[in-house]
Amino acid sequence: MKDLKTETLLVHAGRHRDPDWDYVNPPVVRASTVLHRSSKDMLDRVFFSGNYMDGKPCYGTFASPVHKAFYEALMALEGPEAAGAWAFPTGLAACTVPLLAFLRAGAHALFADSIYGPTRDFASGTLTRMGVDVEFYDPRIGGNIRELFRENTALVMMETPGSHSFELMDVPAVAQACRAHGIASAIDNTWATPLYYRPLEAGVDMVIHAATKYIAGHSDLTMGVVICNERVWPDVYRTSTELGQTASGDDVWLAYRGLHTMAVRVKRAAESAATVIEWLKKRPEVERVLWPALPEDPSYPIWKRDFTGATSLFAVMFRPEYAGRLAPFVDALTVFGRGYSWGGYESLLIPSYGTRTVKSMPFDRMVRIAVGLEAPEDLIRDLEAGFAALR
Ligand SMILES: *Cc1c(COP(=O)(O)O)cnc(C)c1O
């Protein structure tokens, strides 16, 4: 699996043919109990070692054949630094549980100000209550994050781009500063997917994806995954299993199936997004479209340097006179769904004004759009009806 391109890995990574059956897909296993041949076998089986790739697990919460296949594929996709992967019942659980491995009362933790809203709530809620000193930083900080480091800084959490504000972070600069100071680093990489950005290669310790989005791709499950380098994997594995965090065989089977077609889905959705964006940019009501792949976007130089593509989630900023007046636009849509989440086959739109992320944006005149797999002409016609309702 070494020299294969990402698209090929998406199809083949993790698949091992069973010589007796030769089916293309692994079986779905629904399991709590695993039976053991002897007392020795029972004790030999993998428990807390974190080495589930090498042996059979002792209990259903640890792994099954399809978990193994999925984890192997995720690791292959994130590159040679990947030492372990784990799945959680939601994307949010993948953004919270692994971080707990590095935090204790009295520790200092840094979170990007543009972090996913519920992750922000975890930081200012649960973590603060536990006695962790939480500080939010400007996502454009780059290597200057060093100036925020203290004796007790234990973790830096990133997200790129912010999923409402769309600024990219200088991830390599932040990751290197963390590495130099022995601080664990994590990133929510849901937007780019492993297709378009691989932060482990930039020196980040933990890459998190809400698999609910592009990986599963069909709006039919919630799941989160973390892929870790060797430095942090034993701690993340221990904490995740101590907290009883795992994803069901059925959900992992669906997510693994989604992974096989992710390259074509994401590529097609992003092409349609580019078409819709070009049309939106010409609308007199629109001040700006926020998508890092646009040459006029402030994040474009970082996008060009670090990313190999862009996905289909972006934001639209209306002109100031539309502040607080976007409801008729949002309510007129019939092809776009009004719903949270993104990365499924259907296009979605939400007003940005409910967001609990960074406050420095005029969210009262912004919407966020997730382009799906419909014909872009139909999406444009739907948006046109929205603009008509605004007038
Ligand atoms: C949706 C999302 C999550 C959380 O995923 P859930 O499965 O909905 O819990 C985390 N981070 C980002 C950037 C997301 O968009």
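The table that follows gives values for the structure above.
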{"read-out": "Selection from the range 104-130 of residues that are under 15 Å from E159 (Cβ atoms) and β-branched (V, I, T)", "value": "I115, T119"}
{"read-out": "Of all residues making up the range 163-190, the number that are within 30 Å of I350 (Cβ to Cβ) and either within 14 Å of the ligand (Cβ to nearest atom) or basic (K, R) (or both)", "value": "12"}
{"read-out": "Unmet requirement for L243, which otherwise passes all of (1) buried (at least 21 other Cβ atoms within 10 Å of the Cβ); (2) closer than 20 Å to P118 by Cβ; (3) not polar (S, T, N, Q)", "value": "(1)"}
{"read-out": "Among (1) part of a loop (DSSP other than H, G, I, E, B); (2) of a type outside the set (K, R); (3) buried (at least 17 other Cβ atoms within 10 Å of the Cβ) - the single one E296 does not satisfy", "value": "(3)"}
{"read-out": "The listed residue being within 16 Å of the ligand (Cβ to nearest atom), free of Cβ contacts under 8 Å to residues at least 60 places away in the same chain and over 18 Å from G84 (Cβ atoms), out of T160, T193, T212", "value": "T160"}
{"read-out": "Enumeration of residues in the range 101-123 that are away from the ligand (no atom under 16 Å from the Cβ) and either of a type outside the set (G, A, S) or out of contact with any Asp or Glu (no Cβ under 6 Å at 6 or more places or on another chain) (or both)", "value": "F102, L103, R104, A105, G106, A107, H108, A109, L110"}
{"read-out": "Residues of the range 128-157 satisfying the condition of being closer than 17 Å to M206 by Cβ and within 16 Å of the ligand (Cβ to nearest atom)", "value": "M157"}
{"read-out": "Single residue of P161, P118 found to be buried (at least 21 other Cβ atoms within 10 Å of the Cβ) and within 20 Å of the chain's Cα centre (by Cα)", "value": "P161"}
{"read-out": "Residues that are within 13 Å of the ligand (Cβ to nearest atom), of a type outside the set (F, W, Y) and either without any contact (Cβ under 8 Å) to a residue 60 or more places away in the chain or farther than 17 Å from S312 by Cβ (or both), drawn from the range 328-357", "value": "G339, L348, I350, T355, R356, T357"}
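For (1) within 16 Å of the ligand (Cβ to nearest atom); (2) in contact (Cβ under 8 Å) with a residue 24 or more places away in the chain; (3) touching a His at 6+ places or on another chain (Cβ under 9 Å); (4) under 27 Å from L200 (Cβ atoms), each residue gets a yes or a no:
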position	(1), (2), (3), (4)
D235	no, yes, no, yes
G244	no, yes, no, yes
L254	yes, yes, yes, yes
T261	no, yes, no, yes
K267	no, yes, no, yes
I277	no, yes, no, no
K281	no, no, no, no
E285	no, yes, no, no
V289	no, yes, no, no
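Rundown of residues vs (1) touching a strand residue (DSSP E or B) at 6+ places or on another chain (Cβ under 8 Å); (2) surrounded by fewer than 17 Cβ atoms within 10 Å (Cβ to Cβ); (3) modelled with pLDDT of 85 or more, yes/no style:
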| position | (1), (2), (3) |
| --- | --- |
| L35 | no, yes, yes |
| D44 | no, yes, no |
| G50 | yes, no, no |
| A73 | no, no, yes |
| A76 | yes, no, yes |
| A87 | yes, no, yes |
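The values are calculated or read from the model by the stated rules, or taken from the named source; none is laboratory data. Quick caveat: nothing in here was measured; it's all calculated off a predicted structure. FYI the Cβ positions are ideal-geometry reconstructions off the backbone, even for glycines, and counts take in every protein chain you see.
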